[in-house]
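The numbers here are math on the coordinates, done by the rules we state, and not lab data. Remember, it's a predicted structure, so these values are computed and weren't measured experimentally. Note: ideal-geometry Cβ built from the backbone for every residue, glycine included; neighbour counts use all protein chains shown.
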Amino acid sequence: MSVDTETVAKIAALARIKLGDDELAAMVPELNAILGWVEQLGEVDVTGIEPMTAVIENHLRLRDDVIDADPLTGGGIRDKVLANAPAAEHGFFGVPKVIE
């Protein structure tokens, strides 16, 4: 695949980036080089290789979702917190509707 000046201008317009004529001309070989690298990656044999999301295996550290009733650590004071709210409804903050 090859990119020309018109394609770069269209990409710049879609990205809302203002480029002058000299900048458009400079971007053509750069984008063509990037596309060349992408085509080169497509030629790599990846049969038998599992897809991965990260190089290092990550595990989420999960904790139980429990309500802390100790007022010193922040739990069990819902009524005090809602007393500061301009509008409280059913134990939650009442907020105005923003979507019509």
Local electrostatic count, residue 24, Cβ distance below 13 Å [Lys/Arg +1, Asp/Glu -1]: -4
Cross-link reach list, lysines versus residue 10, counting only Cα pairs under 29 Å and skipping chain neighbours closer than eight places: 18
Cα-based equivalent ellipsoid of the stretch 1-76: semi-axis lengths in Å, sorted from largest, via gyration tensor: 48, 25, 8
The chain: relative contact order as a whole-number percent, Cα under 8 Å and 6+ apart: 14 percent
0 to 90° range, to nearest 10: angle between helix 5-14 axis and the chain longest Cα axis: 10 degrees
Simple spin-label estimate for residue 14 and residue 87 in nanometres, 7 Å along Cα-Cβ: 4.2 nm
